[in-house]
1. For I60, I134, what's the fewest-to-most ordering of other Cβ within 10 Å of each Cβ?
2. Counting only DSSP beta bridges with both residues in the chain, tell me the antiparallel percent, nearest 5.
3. With charges only on Cβ, +1 for K and R and -1 for D and E, what is the dipole size of the chain about its Cα centre, in debye, rounded to 20?
4. Per DSSP H run of n ≥ 4, the term is -39500 (n - 2.57); total these for the chain, divide by its residue number, and report the mean residue ellipticity at 222 nm rounded to 500 deg cm²/dmol.
5. Could you list V73, V106, V31 in order of exposure, starting from the residue whose Cβ has the fewest other Cβ atoms within 10 Å?
6. Can you tell which of D110, D54, D127 shows the greatest fluctuation in a Gaussian network model of the chain with Cα springs below 10 Å?
7. In whole Å, what are the extents of the chain along the principal axes defined by its C-alpha atoms, from largest to smallest?
8. State the answer as a single residue: which of A17, A131, A51 lies farthest towards the positive end of the charge dipole of the chain, with beta carbon charges of +1 for Lys and Arg and -1 for Asp and Glu, about the Cα centre.
Amino acid sequence: MIVASPGLAAVPPATRAAASFLGFDFGTRRVGVASGNTLTRSATPLATISAAGDARFAAIARLIAEWQPDALVVGVPRHPDGTAHENTRRAQRFARSLGGRFRLPVHEVDERYSTVEAAARGARDLDAAAAAVILEQFLGAAA
């Protein structure tokens, strides 16, 4: 399930300019990051951030400055039956923090099984590859 913020979803894909995104696979110890865009509808793993607190957001700020995304996408984990758990709330809090700090639209995506898919693809950096899977889910649904 994708929770879209206002703006992008209101404009038909054929008429809007290509938009770029950074995707995040949130974890309490690490955050995977990927970049992607609506033109190719693909995502590329970028990095895994191992820092916490302000250092984590400083690393994200550097990536945002470098990649200049139009919006951010955060994977939100859920139980297999779709119900929320503690990490669901943590990821949603992280998404709100990103939006508040960086003043960019933030979209939440159900990220169940993204790490499993990244592993099946043979990823070396599972966190960054899972972020790419999450972002590709978003880009595919936004088409």
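Each reported figure results from applying straightforward, stated rules to the coordinates on display, with no laboratory input. On a predicted model such as this, the values are computed, not experimentally measured, just so you know. Don't worry about glycine lacking a Cβ; one is built from the backbone with ideal geometry, like all the others, and counts go over all protein chains shown.
1. On the way: I60 23, I134 30.
If I rank by nearby Cβ atoms, fewest first, I get I60, I134.
2. Numbers: 15 of 25 bridges.
Approximately 60 percent, going by the DSSP bridge assignments.
3. On the way: 16 positive and 13 negative charges, 60 e Å.
The dipole of the chain has a size of about 280 debye.
4. Numbers: 4 runs with 55 residues, N = 143.
Using -39500 (n - 2.57) per qualifying helix, the result is -12500 deg cm²/dmol.
5. On the way: V73 31, V106 20, V31 25.
Listing V73, V106, V31 from fewest to most nearby Cβ atoms yields V106, V31, V73.
6. D54
7. 39, 33, 29
8. A51
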